[in-house]
Amino acid sequence: MPHDHDHPHDHDHRHGHDQPHRHPARPDQDDTITQWRAMEIAVRELLIDKGILSAEEVRRQVEEMDNRTPLQGARVVARAWTDPEYKKLLLSDGNAACEALGMEGGPYKLVVVENTEQVHNVIVCTLCSCYPRWLLGLPPDWYKSRNYRSRAINEPRDVLREFGTAVPDQVTVRVHDSTADMRYLVLPKRPAGTEGWAEEKLAALVTRDSMIGVAFAQNP
Amino acid sequence: MAAAEGISPQFRTGDRVAVRAAYPIGHVRTPYYIRGKHGVIERLCGAYGNPEELAYARPGLPKQPLYRVRFLQREIWPAYEGNPADTVDVEIFQHWLQPD
């Protein structure tokens with residue numbers, strides 16, 4: 001069973017099983033009150049005290065946020081792969097295309113960029129962590145890291161290589177910096193060998209990372 | 001001019017523009033690396049409240065036209081080693097752009 005202590009695992013256990021094997025206690029993750037956390041708690045409690053929000057509404061909103069996953073985005077992509085008219089709509093009006101599938105259109109304008117034989121698109125928000133949450137859920141930690149935010153913009157090919165994504169030299173890499181009021185979704189290339197596949201089966205090949213542009217859709 | 005309708009767009013897709021090389025204090029959504037650089041309007045995104053005002057709880061009106069501007073990587077980073085056709089698209093508000 002894995003455990004947290006950092007002594008080597010090839011030691012013998014002569015010290016033994018007749019005495020308790022003490023592991024150092026792992027520190028709690030929730031006991032750091034930073035300035036921002038204190039401010040969030042203070043504002044939240046004030047809003048609740050003043051009757052502007054209820055604790056239940058806050059909880060429900062957090063739950064709703066956590067329930068959004070890249071499955072929504074994958075549905076959109078799979079539909080675009082199988083329906084040329086839908087793809088046209090998705091590329092011209094991303095929000096309307098979300099609504100056409102009975103999903104929320106989203107609070108921001110959605111720009112969808114298509115990967116082709118000639119172009120590979122990558123999304124970054126160099127200033128913070130703008131992300132189409134209604135389609136992909138919460139952004140991964142690396143998307144918010146200073147490393148990704150600073151390097152995706154000026155050495156995207158190295159970053160892609162580190163993600164295991166080899167974009168051929170002759171393909172144009174197009175980075176999109178999500179700096180203001182747009183949110184971006186990459187329409188990955190449909191993998192070869194999926195001809196005739198049904199939408200649901202295709203959607204399973206569409207990963208979160210392929211819709212950020214740091215990976216390709218999975219091969220069948 | 002009605003403030004709510006915003007300022008009329010000054011640029012069209014394909015126009016060459018330069019980003020102002022200005023460094024005001026405050027909440028600015030024009031990244032440092034793109035200031036003073038030259039690019040081409042990719043599209044007009046619409047009109048949006050000015051974030052430099054909104055950040056301080058002011059109305060941010062009149063709305064500013066917002067564009068996606070396309071830059072060559074080599075224009076931004078002269079030492080860029082990838083394909084010379086590689087680009088960066090950045091959303092930039094009109095008051096940060098001037099004709100080039």
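The values are calculated or read from the model by the stated rules, or taken from the named source; none is laboratory data. This structure is a prediction, so every number in the text was calculated from the model and none was measured. With ideal geometry, Cβ positions are generated from the backbone for all residues, glycine too; neighbour counts draw on all protein chains shown.
Counting residues that are more than 10 Å from chain A (Cβ to nearest Cβ), which strands (runs of 3 or more DSSP E) fully inside region B:59-100 reach at least 1? Walk me through how you get there before you give the answer.
Numbers: elements: B:64-72, B:87-93, B:97-99.
Filter on region B:59-100 gives B:64-72, B:97-99.
What residue, of B:I25, B:I76, is under 19 Å from A:P156 (Cα atoms) and more than 12 Å from the chain's Cα centre (by Cα)? Write out each step before concluding.
On the way: B:I25 fails: under 19 Å from A:P156 (Cα atoms).
Of B:I25, B:I76, the one residue that is under 19 Å from A:P156 (Cα atoms) and more than 12 Å from the chain's Cα centre (by Cα) is B:I76.
If you check B:I76 against the conditions, is it without any contact (Cβ under 8 Å) to a residue 60 or more places away in the chain, on the phi < 0 side of the Ramachandran plot and in contact with a Phe, Trp or Tyr (Cβ under 7 Å, 6 or more places away or on another chain)? Write out each step before concluding.
Details: without any contact (Cβ under 8 Å) to a residue 60 or more places away in the chain: yes; on the phi < 0 side of the Ramachandran plot: yes; in contact with a Phe, Trp or Tyr (Cβ under 7 Å, 6 or more places away or on another chain): yes.
For B:I76, the condition - without any contact (Cβ under 8 Å) to a residue 60 or more places away in the chain, on the phi < 0 side of the Ramachandran plot and in contact with a Phe, Trp or Tyr (Cβ under 7 Å, 6 or more places away or on another chain) - is met.
Run A:R174 past the list (1) under 23 Å from A:A78 (Cα atoms); (2) assigned to a loop (DSSP other than H, G, I, E, B); (3) facing another protein chain (nearest Cβ under 9 Å); (4) among the charged types (D, E, K, R) and report the number of the one that doesn't hold.
Against the list (1) under 23 Å from A:A78 (Cα atoms); (2) assigned to a loop (DSSP other than H, G, I, E, B); (3) facing another protein chain (nearest Cβ under 9 Å); (4) among the charged types (D, E, K, R), A:R174 comes up short only on (2).
Does B:T13 fit the bill of being modelled with pLDDT of 95 or more and surrounded by 15 or more Cβ atoms within 10 Å (Cβ to Cβ)? Full working, then the answer.
Numbers: modelled with pLDDT of 95 or more: yes; surrounded by 15 or more Cβ atoms within 10 Å (Cβ to Cβ): no.
The answer is no for B:T13.
Could you go through region B:86-95 and let me know if any residue there is within 14 Å of the chain's Cα centre (by Cα) and among the charged types (D, E, K, R). Break it down into steps so the answer makes sense when it comes.
First, the residues of region B:86-95 that are within 14 Å of the chain's Cα centre (by Cα): B:88-95.
Checking which are among the charged types (D, E, K, R) leaves us with B:89, B:91.
Looking for residues that are within 14 Å of the chain's Cα centre (by Cα) and among the charged types (D, E, K, R), one finds at least one in region B:86-95, hence yes.
Go through region B:45-58 and report how many residues are more than 10 Å from chain A (Cβ to nearest Cβ) and surrounded by fewer than 16 Cβ atoms within 10 Å (Cβ to Cβ).
6
Does A:R183 satisfy being under 17 Å from the mean Cα position of the chain (by Cα) and within 14 Å of chain B (Cβ to nearest Cβ)? Full working, then the answer.
Values: under 17 Å from the mean Cα position of the chain (by Cα): yes; within 14 Å of chain B (Cβ to nearest Cβ): yes.
Answer is yes for this residue.
Could you tell me whether any residue of region A:131-145 is among the polar types (S, T, N, Q), modelled with pLDDT of 95 or more and not in a helix (DSSP H, G or I)? Outline the logic, then answer.
Of region A:131-145, the ones among the polar types (S, T, N, Q) are A:145.
Those still in the list that are modelled with pLDDT of 95 or more too: A:145.
The next check asks that each one be not in a helix (DSSP H, G or I); those that pass are A:145.
The answer is yes, given that some residue of region A:131-145 is among the polar types (S, T, N, Q), modelled with pLDDT of 95 or more and not in a helix (DSSP H, G or I).
Write out, first by first residue and then by second, each pair whose Cβ atoms fall under 7 Å of each other, whose residues are 6+ apart or on separate chains, and whose first residue, in region A:44-70, is touching a residue at least 40 places away in the same chain (Cβ under 8 Å) while the second is of a type in the set (G, A, S).
Qualifying pairs under 7 Å: A:R68/A:G137; A:T69/A:G137; A:P70/A:G137.
Which residue, of A:G164, A:G196, A:G213, A:G137, is in contact with a strand residue (DSSP E or B) (Cβ under 8 Å, 6 or more places away or on another chain) and small (G, A, S)?
Working: A:G164 fails: in contact with a strand residue (DSSP E or B) (Cβ under 8 Å, 6 or more places away or on another chain); A:G196 fails: in contact with a strand residue (DSSP E or B) (Cβ under 8 Å, 6 or more places away or on another chain); A:G137 fails: in contact with a strand residue (DSSP E or B) (Cβ under 8 Å, 6 or more places away or on another chain).
Checking each option against the conditions leaves just A:G213.
Tell me which residues, restricted to region A:146-158, are surrounded by fewer than 22 Cβ atoms within 10 Å (Cβ to Cβ), within 11 Å of chain B (Cβ to nearest Cβ) and either in contact (Cβ under 8 Å) with a residue 60 or more places away in the chain or in a helix (DSSP H, G or I) (or both).
Within region A:146-158, the first condition is being surrounded by fewer than 22 Cβ atoms within 10 Å (Cβ to Cβ), and the residues that meet it are A:146-147, A:149-151, A:154-155, A:157-158.
If we keep only those that are within 11 Å of chain B (Cβ to nearest Cβ) too, we end up with A:149-150, A:154-155, A:157-158.
Answer for region A:146-158, where residues must be surrounded by fewer than 22 Cβ atoms within 10 Å (Cβ to Cβ), within 11 Å of chain B (Cβ to nearest Cβ) and either in contact (Cβ under 8 Å) with a residue 60 or more places away in the chain or in a helix (DSSP H, G or I) (or both): A:R149, A:S150, A:N154, A:R157, A:D158.
Here are some conditions: (1) farther than 22 Å from A:A192 by Cα; (2) assigned to a helix (DSSP H, G or I). A:A25 meets all but one. Which one does it not meet?
(2)
For region B:21-44, which positions are surrounded by fewer than 14 Cβ atoms within 10 Å (Cβ to Cβ), within 14 Å of chain A (Cβ to nearest Cβ) and in contact (Cβ under 8 Å) with a residue 12 or more places away in the chain? Steps first, answer last, please.
Pass one, region B:21-44, residues surrounded by fewer than 14 Cβ atoms within 10 Å (Cβ to Cβ): B:21-27, B:32, B:36.
Then drop every residue that is not within 14 Å of chain A (Cβ to nearest Cβ), which leaves B:26-27, B:32.
Matches in region B:21-44: B:G26, B:H27.
If I ask for residues that are assigned to a helix (DSSP H, G or I) and either in contact (Cβ under 8 Å) with a residue 60 or more places away in the chain or crowded, with 18+ Cβ neighbours inside 10 Å (or both), which ones from region A:96-130 would you list? Walk me through how you get there before you give the answer.
In the first step, residues of region A:96-130 are kept if they are assigned to a helix (DSSP H, G or I); the result is A:96-100.
Selection gives A:A97, A:C98.
Determine whether A:A166 is more than 10 Å from every other protein chain (Cβ to nearest Cβ), without any contact (Cβ under 8 Å) to a residue 24 or more places away in the chain, crowded, with 21+ Cβ neighbours inside 10 Å and over 18 Å from the mean Cα position of the chain (by Cα). Spell out the reasoning first.
Numbers: more than 10 Å from every other protein chain (Cβ to nearest Cβ): yes; without any contact (Cβ under 8 Å) to a residue 24 or more places away in the chain: yes; crowded, with 21+ Cβ neighbours inside 10 Å: no; over 18 Å from the mean Cα position of the chain (by Cα): yes.
Considered against the rule, which asks whether it is more than 10 Å from every other protein chain (Cβ to nearest Cβ), without any contact (Cβ under 8 Å) to a residue 24 or more places away in the chain, crowded, with 21+ Cβ neighbours inside 10 Å and over 18 Å from the mean Cα position of the chain (by Cα), A:A166 comes out as no.
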